[in-house]
Amino acid sequence: MNKIIITDATLRYKAEASAEHGGNAYGFKAVIETAKLLDRAGVDVIEMGSVSSKKTDGLILKTAAAAVSAKLAVIGGMTAEQIDTTWEILSFAKSARIIIALPVSAVQMEYLCHKKPAAMLENITTLVSHAASLCDDVEFAAVDVTRADREFILSAVNTAVSAGAKSVTLCDTAGVMMPWEFSELISYIRDGISSDVAVGVECSDNFGVAAACAFEAVRAGCSYVKTGICGTGLPSLLSVCTALSQKSDYMNANTDVNMTVLRRTAAQISAIWEDGRRKTDFDDEDESSSLLLDSHSDIDALRNAAESMGYDLSEADLAGVYDVFRTVAEKKKVTQKELEAIIATSAMQVPTTYTLDSFVINSGNIITSTAHITLDRDGRKLEGVSVGDGPIDAAFLAIEQIIGHHFELDDFQIQSVTEGREAVGDAIVKLRSQGRLYSGRGISTDIVGASIAAYISALNKIVYEERGI
């Protein structure tokens, strides 16, 4: 019986959706939670978003790499420089794969890459061989195969294999084939390449038959299937694994995914991305800006908005937040993200109890992330050392070790404020203590430093309010 490798591409699709709408904010907590849940269920490969910002995307990838055992796969890009940048970050993963995704249909080769077939074959050789020189697991994704010439598809696939690709994905990007047609295409390609090369499929649900196409591909000899959760347009992770589990004899295939865990995991991941309060960072502009206030919004409207976000502001804090809000609202409408930042910087401006003296972070692909934090309180140096699932988790745990108390991390957001190599990172941390929500904000060219500063800002508000830490 053949084992089918299960790849989940939810995080890649969410990142791509965000990029298409100009988004540059990352739901750090949502991404890492999703990756952990997929790993816990036994998903073999987790596809992450491509690297567009070394600071933001790099932090997410490094943290995910430390948190999961599954193979992490990332699209390398269309230039050698982009592949180098991707590998610089992806190399931290315990098991990594670079994906070289290039179109093979005439329309997409011309429109997206401005290349004729012969030039595209040269490009495939160049990019795949470069990726293979860095990473020992390279996947070639042939994009838009169902609108491409079959002979050229086979030529492109064999070119990629000769250049070092270990696996080949046939992507039905347009979603224009019926299951039996797709099965014939898979058989044609499978018969035309080495049996050592893994062939996988990525099926679009344009006709509503993505899952059926995937199952026909399995019967035709493909060895892995790309799936998704929450509106990716790919075959459902839960549906594919359930069918493989219950129809394994018929399809002569099964999977190592833990179905008991997956049923619970799928619901949890759906909740992460579909809950309106948490679905801000990878959704489009309209959804992420669902909470819109303007210069006509009075203080009661602001109070209601803050309460809907979980904040219980005192009259003094509400007045302070409203003053800052009015300044912003005179120029533009205020979204939920912007109101979060205003509350974090304007509410509960309290005396500083803890200040950051220094921090040292150690992280890599073969070591567990560690953090050594030194805080100053009333002239005393307090030190904490901890390990964690990534550098930021380790830093937060080290701070908790110093203060001797654990707080629920309600939310954690990171976004780039400026562009370029010296981009400034903006972090917001929301801690919950005794039922109340406290937020802090940190800004730095170092994302870890910004995150630590945001945590300490929220911590100082808790200390001032509760007087017991």
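The values are calculated or read from the model by the stated rules, or taken from the named source; none is laboratory data. Since the structure is predicted, the reported quantities are computational estimates derived from the model, not experimental observations. Cβ placement follows ideal geometry from the backbone for every residue including glycine, while neighbour counts extend to all protein chains displayed.
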Residue pairs qualifying under the 9 Å Cβ cut-off, at least six apart or on distinct chains, with the first in the stretch 382-395 being among the charged types (D, E, K, R) and the second being part of a loop (DSSP other than H, G, I, E, B), are Asp389/Val68; Asp389/Thr368
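Search the stretch 419-444 for residues being farther than 24 Å from Leu318 by Cα and touching a Ser or Thr at 6+ places or on another chain (Cβ under 9 Å), and hand back the single one that is modelled with the highest pLDDT.
Applying the first criterion (farther than 24 Å from Leu318 by Cα) to the stretch 419-444 yields 419-425, 444.
Checking which are touching a Ser or Thr at 6+ places or on another chain (Cβ under 9 Å) leaves us with 419, 422-425, 444.
Details: Glu419: 56, Glu422: 56, Ala423: 57, Val424: 63, Gly425: 73, Ser444: 78.
Once the filter is applied, the top-ranked residue is Ser444.
For the stretch 241-327, please list each of the helices (runs of 4 or more DSSP H) lying entirely inside it that holds at least 1 residues being modelled with pLDDT of 80 or more and either out of contact with any strand residue (DSSP E or B) (no Cβ under 8 Å at 6 or more places or on another chain) or assigned by TED's automatic domain parsing to the domain that holds Thr7 (or both).
Working: elements: 248-251, 259-274, 285-288, 299-308.
Here the list reads 248-251, 259-274, 299-308.
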Return only the number of the condition from (1) over 16 Å from the mean Cα position of the chain (by Cα); (2) modelled with pLDDT of 95 or more; (3) not aliphatic (A, V, I, L, M) that Arg97 does not satisfy. (1)
What are the residues in the stretch 18-50 that are over 10 Å from the mean Cα position of the chain (by Cα), of a type in the set (A, V, I, L, M, F, W, C) and at pLDDT below 90, if any? Ala19, Ala25
Touching a Leu at 6+ places or on another chain (Cβ under 8 Å), more than 26 Å from Asp39 (Cα to Cα) and touching a residue at least 40 places away in the same chain (Cβ under 8 Å) - does that describe any residue in the stretch 101-117? yes
Can you tell me which residue within the stretch 106-156, out of those that are β-branched (Val, Ile, Thr) and in contact with a helix residue (DSSP H, G or I) (Cβ under 6 Å, 6 or more places away or on another chain), is surrounded by the fewest Cβ atoms within 10 Å (Cβ to Cβ)? Thr125
Scan the stretch 133-163 for residues that are free of Cβ contacts under 8 Å to residues at least 60 places away in the same chain, within 24 Å of the chain's Cα centre (by Cα) and over 22 Å from Leu185 (Cβ atoms) and jot them down. Leu134, Cys135, Asp136, Val138
Total residues in the stretch 95-148, condition in contact with an Asp or Glu (Cβ under 7 Å, 6 or more places away or on another chain), part of a loop (DSSP other than H, G, I, E, B) and closer than 30 Å to Ile367 by Cα: 0
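Is it true that Lys331 is part of a loop (DSSP other than H, G, I, E, B), of a type in the set (D, E, K, R) and surrounded by fewer than 13 Cβ atoms within 10 Å (Cβ to Cβ)?
Spelling it out, Lys331 is indeed part of a loop (DSSP other than H, G, I, E, B), of a type in the set (D, E, K, R) and surrounded by fewer than 13 Cβ atoms within 10 Å (Cβ to Cβ).
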The condition from (1) within 21 Å of Tyr13 (Cβ to Cβ); (2) modelled with pLDDT under 90; (3) of a type in the set (Ser, Thr, Tyr) that Ser236 misses is numbered (2)
Scanning the stretch 216-233 residue by residue, those within 27 Å of the chain's Cα centre (by Cα) and either within 14 Å of Tyr13 (Cα to Cα) or not in a loop (DSSP other than H, G, I, E, B) (or both) turn out to be Tyr224, Val225, Lys226, Thr227, Gly228, Ile229, Cys230, Gly231, Thr232, Gly233
Exactly one of (1) within 23 Å of Ser155 (Cβ to Cβ); (2) within 24 Å of the chain's Cα centre (by Cα) is unmet by Ser239. Its number? (1)
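Being part of a strand (DSSP E or B) and either surrounded by fewer than 19 Cβ atoms within 10 Å (Cβ to Cβ) or at pLDDT 95 or above (or both): is that true of Leu185 here? Spell out how you get there, then give the answer.
Details: part of a strand (DSSP E or B): no; either surrounded by fewer than 19 Cβ atoms within 10 Å (Cβ to Cβ) or at pLDDT 95 or above (or both): yes.
No; evaluated as a whole, the condition is false for this residue.
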Is there any pair linking a residue in the stretch 296-322 that is farther than 16 Å from Lys337 by Cα to one that is of a type outside the set (Ser, Thr, Tyr) and part of a loop (DSSP other than H, G, I, E, B), with Cβ under 7 Å and at least six apart or on different chains, and which? Leu313/Ala347; Asp317/Ala347; Asp317/Met348; Gly320/Ala347
